[in-house]
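A.B. asks: Before we start, here is the structure in question, set down as structure tokens.
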Amino acid sequence: SEPVALAGGCAVRTLQEFLTHHRWDHERMRDQLQRRIVQEHLPAPGEGDDLGVIGIIDETSVPKKGDKTPGVQRQYCGASGKIDNCIVSVHLAVRHGGFLTMLDSDLFLPEESWDKDRSRCEEAHIPDEVVFRSKWQIALEQIDRALGNGVRFDWLGFDEWYGGKPGFLLGLDTRGLHY
């Protein structure tokens, strides 16, 4: 949160306190953001735009020490390029011409070390509704939420890991999406 606070001219501790101690509706904020992006930055269907609306699916991993950070475990960490103690999150972004922004982001919660240990999840303040889902299932959920908020994709791009998951590709096909 430090770079966000500094860029916004806010005291770092103030933003950290807000994120730690105050409840806010993350889903509502995400949905409002997606609808605003549709209204202000994406062409309406049939506008004859040659640029296209491109959805981008990717994940980010961040090395972490210790075992208290939600979702942390030894797993492949793209940031270090090896099996490392890290957290992983799945993201959906959209690009249209020079406009690029993040639409959605979710924590990947490992099954054995986290999902099956609900007392560990409770200690880390992970809500009961946050459970293990494969990264490709998380990506499909993100796509569905964006589509539900009016985002349309002419194409979706992702790496070979997602492209190697038949369930993911079938999910895109059943939604009529190009990739």
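The values are calculated or read from the model by the stated rules, or taken from the named source; none is laboratory data. Computed from a predicted model, the values in this text were never measured in an experiment. Every residue, glycine as well, gets a Cβ built from its backbone with ideal geometry; the counts of neighbours run over all protein chains shown. Surface areas here come from the heavy atoms of the whole protein model, side chains and all, with no ligands, DNA or RNA. Shrake-Rupley method; radii C 1.70, N 1.55, O 1.52, S 1.80 Å.
A.B. asks: Is it possible to state the helix-based mean residue ellipticity at 222 nm for the chain, with each DSSP H run of 4+ residues giving -39500 (n - 2.57), the sum divided by total residues, to the nearest 500 deg cm²/dmol? What is it?
C.D. replies: Mean residue ellipticity at 222 nm (helix-derived): -10500 deg cm²/dmol.
A.B. asks: Tally Lys/Arg at +1 and Asp/Glu at -1 over every other residue whose Cβ is under 13 Å from the Cβ of Asp84; what's the total?
C.D. replies: Here the charged neighbours net out to +4.
A.B. asks: Okay, next question. I'd like to know how the chain sits against the 2.2 N^0.38 Å rule of thumb: what's its Cα Rg over that expected value?
C.D. replies: Against the compact-globule rule of thumb, the ratio is 1.12.
A.B. asks: With everything on Cα atoms, drop me the angle between helix 135-148 and the longest principal axis of the chain, reported from 0 to 90° to the nearest 10.
C.D. replies: Rounded to the nearest ten degrees, it is 50.
A.B. asks: Sticking with this one: At a 1.4 Å probe, what is the % contribution of carbon and sulfur to the accessible area of the chain? Working shown, then result.
C.D. replies: Working: 5770 of 10930 Å².
Summing carbon and sulfur atoms, their accessible area is 53 percent of the total for the chain.
A.B. asks: Here's a follow-up. Expressed as a rounded percentage, what relative contact order does the chain have, with Cα pairs under 8 Å and six or more residues apart? Let's see the in-between values first.
C.D. replies: Working: 250 pairs, mean separation 36.7, N = 179.
Computed value for the chain: 21 percent relative contact order.
A.B. asks: How about Lys135: which lysines have a C-alpha closer than 19 Å to its C-alpha, ignoring those fewer than 8 places off in the same chain?
C.D. replies: In chain and number order, the partners are Lys82, Lys116, Lys165.
A.B. asks: Counting Lys +1, Arg +1, Asp -1, Glu -1, what net charge surrounds Lys165 among other residues with beta carbon under 12 Å of its beta carbon?
C.D. replies: Neighbourhood net charge equals -1.
A.B. asks: Add +1 for every Lys or Arg and -1 for every Asp or Glu among the other residues with Cβ under 10 Å from the Cβ of Ile138, and state the total.
C.D. replies: Around Ile138, the charge tally is -2.
A.B. asks: Averaged per residue, what accessible area in Å² does segment 1-140 show with a 1.4 Å probe, protein chains only?
C.D. replies: Details: 8900 Å² over 140 residues.
Accessible area per residue, segment 1-140: 64 Å².
A.B. asks: Next up: Segment 60-155: Rg/Rh from Cα coordinates, Kirkwood Rh?
C.D. replies: On the Cα set of segment 60-155, Rg over Rh gives 1.03.
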